[in-house]
Amino acid sequence: MTAESYAAFISYRHHEVDRKWATWLHGALERYRIPARVVQARSRAPRLGRVFRDEEELAASSDLSAEITTALERSQFLIVVCSPRTPGSEWVSAEIERFRAMGRGRQVLALLIEGEPSEAFPAALKTLHALSSEDAGVEPLAADVRASAGTSLRERRQLALMRLLAPMLGVSFDDLRQREQERQLRRLLVAGALGLALLTLVSGLAVVAYLQRNEAALQRDAAVRNLARSYAEAGATASAERDYMAAEVAYAKALLANDEPALREQLLDARARGFSLRWQVPGTGDIARAAISYDAKRIALAKANAVDIRDLETGRLLATLRTAGRPNAVAFNADGMHVAVGDDRGRMVVWEVGSSSVIHRRDAHDTALLAISFDAGTGEWRSVASDNRVKGWNPSRPGTEWSRAIEGPALSSALFVPGGIELAIGNIAGQVRIEPLKGGTARLQLEAHRQAVGALALSGDGAKLATWAQLPRPGTTPDAAVKIWTVADPRAAPVALSSSPGAPRADALAFDADARRLLTGQIANGLTVWDVRDGRRLARLGGRDGVSFVASGAGNAIVTAGPGLQRWDLELQTTQSLSEGHGHSAQAVAVMPDGRHVLSAGFDRMLRLWDAASGQARAAWPTDDSVHDIQVSPDGLWAATCSSRIELRDTTTGTLRWSHQAGFYPFRACLAFDPVAPRLYVAGAAGAGVIVRSTADGAEIERLSVSGGRVVALAAAAAADKLAVATSDGGITVFDLSTRAPLTTLRPTSGGISTLAFSADGSKVAATHRDTLYVWELSAPDTPRSGRVPATSDRVIDVHALAFSRDGLRLLTSAWGELAMWDSVTMRRLAVLRPDESRNGHLNGFALAPDGRSVHIGHDDGTLSSWRLEDSPEVRTLRGERGVLGAWGARGDGRQIAVADHGPSGQGKSQVLLFDLEGAGAAHASAAIPDIQAAALAYDPGGRWLYAAMGSGGDKGGLVRRWDLSESRWRAEFASLSTAPRALAVDATGQRVAVGGSDAPDAEVHVQVFDGGPLTERQRLKGHQRGLEVLRFDTAGSLWSGGLDYQANEWLGDGTRRPLVLHGGTVTGIAVSPDRRWRATASRDGSVRLFDSEGRLTRHWYSHRSGYGYAEDVDFSPDGRWLVSTGGDGRVLLRETGGEWPVRFVLRGHDNTWILSARFVNNGRWLVTRGHEGWLKVWDFAEVQRLWRATPGELAEETARRTGRAVVLER
């Protein structure tokens, strides 16, 4: 091996973990001193020699591939660092193939750091050797440093190093290991002698060091706790505001800082009640900055809270990088694999594009960054900011950072001159300079403008410089907005553009490839092409579309971002779209009646069709103008759009059926389809009322007259023949569409109407005035309910979009950057979604899916996003159609539950809903039993009958009846009750039905037991002094009861009563373990008590004492491993049975309220809980356990996927 050769070449994926192992291996190999006997036997040097690792050894060169190839040719061995990330690296595979092509396939070694060989070894590596140590008599291919029981990290590293060195030195692993052990023994003997002499000194120093380390550890722990506490406080604040997505992100960050059970509890609570991201299609209408990679294959589009990386040839989205601040500068490195983003707070983050992971982070400046650049020669990232400092740093070479101050007024624009040695800057005084990067005499100095310089552009040959100034302030002397300067002759008069292109955008100024034309992008005037020689305007492309980024490509190709990503040919003046999303604000969204597709439109004058499940684009059709409203016909065949024209299109082909002038300025909710007839209702101009048009040809059929001014909103009831019309005076007229006659007039308490919605069944109307939400029951039109959107100090609240859920129990409102979900009965805000909170972005139109479980939102930057409502993988929420869910029971197989559905006060028409817990529609009732006021429900074991106990009014009497589930009818048999029922239970054979009565004056308190078939009474069990709250049969057939007399009883088959210890409050819950070893009770004295099989009290807990102070229910899991309890503190506690019975998991998710019941169903697959707010939660118990046992990192990754936000610690 010559002096210029390498002993080994280390190949690895440039990921943080892989890089750390490669760095360790690089140092370990170069530092290793070969045992003397091996040196003598092999007649070699005592050191291995130089080892190549790309970030350590590359010299300044613009040809990276050549350097790599040369290094491979000069290396004796190739060592591949292997993890599950490695097969995804094209560079690693190419290096293996190149090494094999040189005939050195047998000299390829591997270091396995994570995963199994099958998933961690690249395909090219698998073909070199078999993975066994018997292959051709050589040592095993892979050195293994993965974690294993009984071995320390140091031991694993030492063994792995020996396994790699053995073939490199031409000796066996056992021989090298023996020589190393002999050397270590000699070192120990020498160290022992020295240690004895230094013992006294070291002891004293050790005490001091221990105290210092202890103090440092305490300070680190305190810092970690403080960081976790700050995130937890942010989570608590967000939860209080019902912004559960922000709370989830905050708690996930807190867990990263400090893994505590209470934080997991809060995280699951936020997940159970908030929103989660299904998919999103990024728009390109709010591009702040952009950059093209050096090879012109990729483009980075920096938006307000993210950076999209797209393929520049096809426009395909490659990655979305979530940012904490607003991006202000962006740049690629030489190979396009890394991108740096600088924000408005001076922070700079470097991402690996392939993995979308942060690899470097630093606080680069004190103010907003103006420009970033990567220098391939030095490997430096360079940045310049408005703090008048330019800096350089190489992440691979710590300690090489440099910085210098830039003299003069505050900078307002900057660009790094190609070549890496100069910087062009413009300041607020209108001065422009080109000066050496690290300081020195400026090559060019210009008094360019009277105003601040907002943008700079340099031609490819460096001969021309374009400067673009801010618009002049009122009262100042006008100045040419854009000037073109000759760099070699700064005294020559600049060429001024013939007219002002408006206010500058930092990246919207560029020369074409041969510097004959200058291009400017404007917010309102598209792409403008100017002649460099005389400043004449040659062409204006793109109409009214705004352009925020302009870059010249090869030949005549020009790339612009703004209303989409476009590639232009200047000669042909043609364009090619490179993006699927909207290129401007997505104003209107609608969902097809079958829920399978979504329509969206906006200010980019495109109507787009999407797959509702995946977000895949299905079609796109141009519209006449910017669209403000979309409505879909009830049969899903037609889509009507409202812009300056009313257009009707075929939703399958996009064919325009007809188009009419609107006659008014377009607005949301200006259209409505008739629920039955082929008619479209259109808001007319002032005094014109509502125009009724035929969907066949658009012909006007008639007009609905309304008083009170012009029409400001329309809404039709999907399942009722009704139309609501709001007018500018604040009145709402409800029409019966079958007769075209007004039914009633609704008025808010104050102000006008900004938007309007009708419930599907036509029973409710909702409207908004600025920040106030009103809901009318048409049965009581004079008494609306109202709620207000909480005000903030930095924005004017104006609710501009509104929709009911399918059942009419929930309302969704959109106001500025916030989507809120409301209970339409109580007018409480249930949850808030702020998807664009990091940029204070605006939400536009939205549409609820027909099943009410997801919502699709249009954003101001053209993004279309889809979100789940409330549900998460671990929990689903069941809601009633009347308002409050009450008593419930589960079928024996646990796949169906029956729930009593009452009105808000528990009065009026009630019903029983049947929910099938399997399948996609599990959150909605599959059937309903009408007109029944059920106080208690229970299935027979075979699942054929549903027993319902019903009161007859007041506290006296009632009935028990059977509902035939297969025939959907009541059976003729019934049982009369002597008291109003409170509890119901059926034994495991279905032969006994027990009913417990209420506590009523002059009523005898007892348990009635009936035969399961004919419902004839067989027993009356007496022993309680007051009314009953709970009845349950155990697996042996014993009946258990608890009641208001603080007593819990076991009833044997012959009626014998065996009481448990008297409680200190009403007994509301009883459970018996499957093996009957344990009995558990819940009482309103706040205790959960545990008894053995003999009835002896063994343990008691007061875990639910906070809140209302009650313990409410208990249940054992079918396998007996878990005991669940609920109470007035709003928590569900899960104890592991046996030993100390510790609480392992805590669940929330109900509305911070009393949790009344909990049961394991479907053999323990699900845990069902009922809260006092009237909802049922169905928890996937296996998923709950997974989340409680997941690492903080896994939870952070999952939260990032669910929310679309970055979950990283910001220290």
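Overview of results
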| quantity | calculated |
| --- | --- |
| Which listed pairs, of LYS722/LYS909; LYS764/LYS909; LYS438/LYS464; LYS253/LYS297; LYS956/LYS1022, have C-alpha distances above 25 Å, in listed order | LYS253/LYS297 |
| Mean Cβ count within 10 Å, highest first, over the residues of peptides 1119-1126, 511-518 | 1119-1126, 511-518 |
| The range 457-530: equivalent-ellipsoid semi-axes (sqrt of 5 x gyration tensor eigenvalues, Cα, Å) | 21, 16, 9 |
| Likely footprinting exposure, ASP635, ASP823, fewest C-beta neighbours within 10 Å first | ASP635, ASP823 |
| Separation of alpha-carbon centers, the range 1181-1211 and the range 260-335, rounded to whole Å | 18 Å |
| Burial ordering of GLU67, GLU233, fewest other beta-carbon atoms within 10 Å first | GLU233, GLU67 |
| Normalised contact order of the range 875-1196, rounded percent, pairs of Cα under 8 Å and 6 or more residues apart | 10 percent |
| For the range 712-834: relative contact order, % (alpha-carbon pairs under 8 angstrom, 6 or more apart) | 16 percent |
| Approximate shape of the range 286-504 as ellipsoid semi-axes (Cα gyration tensor, √5λ), whole Å, largest first | 29, 20, 17 |
| Cβ-derived FRET efficiency at R0 60 Å, THR1153 paired with LYS126, nearest 0.05 | 0.55 |
| The range 812-885 versus the range 966-998: alpha-carbon centroid distance in Å | 41 Å |
| Cα-derived Rg over Rh, computed across the range 712-834 with Rh taken as Kirkwood radius | 0.96 |
| Linear extension gain, ASP344 paired with VAL1143, 0.36 nm per residue minus alpha-carbon span | 283.0 nm |
| Förster radius 35 Å - calculated FRET efficiency between SER577 and ALA719, Cβ distance, rounded to 0.05 | 0.35 |
| Two-decimal ratio, the chain, of alpha-carbon radius of gyration to 2.2 N^0.38 Å | 1.13 |
| Gained length - ASP461 relative to THR826, 0.36 nm times residue gap less alpha-carbon distance | 124.5 nm |
| Cα shape, the range 6-171, gyration tensor, a/c 1.5 rule | rounded |
| Volume per residue that the Cα convex hull of the range 812-892 spans, once the total is divided by residue count, Å³ | 127 Å³ |
| Kirkwood-Stokes translational diffusion coefficient of the range 166-299, alpha-carbon pairs, 25 °C, 0.890 mPa s, µm²/s | 113 µm²/s |
| Cα centroid separation - the range 413-473 against the range 614-679, whole Å | 49 Å |
| Residue exposure sequence - HIS859, HIS1172, HIS769 - by fewest surrounding Cβ within 10 Å | HIS1172, HIS769, HIS859 |
| Contact order normalised by residue count of the chain, Cα under 8 Å, 6+ apart, percent | 6 percent |
| Amide H partners (placed H, <5 Å) of ALA371, local residues excluded | VAL384 |
| Value of D in µm² per second that Stokes-Einstein yields for the range 282-379, Kirkwood Rh from Cα pairs, at 4 °C (1.567 mPa s) | 98 µm²/s |
| Projected area, mean over directions - the range 580-696, Cα convex hull, nm² | 6.6 nm² |
| All aspartates and glutamates inside 14 Å of LYS1177 as judged from Cα atoms, apart from same-chain residues fewer than 8 positions distant | ASP269, GLU870, ASP871, GLU874, ASP916, ASP1151 |
| Cβ-defined net charge surrounding VAL432, 12 Å radius [Lys, Arg +1; Asp, Glu -1] | +1 |
| Cα-based shape type of the range 875-1196, given that a ≥ b ≥ c are square roots of the gyration tensor eigenvalues and the cut on a/c is 1.5 | oblate |
| Fully extended contour minus Cα-Cα distance, from ALA928 to ALA513, at 0.36 nm per residue | 142.4 nm |
| Two-site label geometry, LEU1209 and LEU189: point separation in nm, points 7 Å out along Cα→Cβ | 4.7 nm |
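Taken together, the values in this text are just the output of simple stated rules run on the coordinates, not laboratory data. All values derive from a computational prediction rather than experimental measurement. Quick reminder, even Gly has a Cβ in these numbers, built from the backbone with ideal geometry, and neighbours come from all protein chains shown.
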